[in-house]
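What follows is calculated from the coordinates using simple rules that are stated; it is not laboratory data. All of these numbers come straight from a predicted model, not from anything done at the bench. Because the Cβ atoms are built from the backbone with ideal geometry, glycine has one as well, and the counts that use them run over all protein chains shown.
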Amino acid sequence: EYYLTKEETMSPGELASLEKLQAFVDGFVPARCVNLVGDPVLDAKGNERMEKRLINTKELLGCKSVAEVKICLGTDRD
């Protein structure tokens, strides 16, 4: 899938940036599913449910500092 530009038309610098972005996204850890009380939600087999994290890109682009970015991405606890 492509958003704006196919990889074949990217410059070496753009490809390097894309690889960095892909590596960053690949490092995301699935989010724990919790109920309103904060207890983990379990599947039919009793395993804790996990799901992909959603990123609010509008909020992320509005961040004014690295600290705000970390909070937005949920990495401020690292």
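What the table shows:
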item: Scan of region 40-63 for residues that are among the aliphatic types (A, V, I, L, M) and over 18 Å from residue 28 (Cβ atoms), ordered by number; result: 41, 42, 44
item: Single match in 23, 44, 67 (criterion: free of Cβ contacts under 8 Å to residues at least 24 places away in the same chain and surrounded by 10 or more Cβ atoms within 10 Å (Cβ to Cβ)); result: 67
item: Among residues of region 21-43, those that are closer than 15 Å to residue 73 by Cα and touching a Pro at 6+ places or on another chain (Cβ under 8 Å), counted; result: 1
item: Filter result for residue 29 (assigned to a loop (DSSP other than H, G, I, E, B) and over 20 Å from the mean Cα position of the chain (by Cα)); result: no
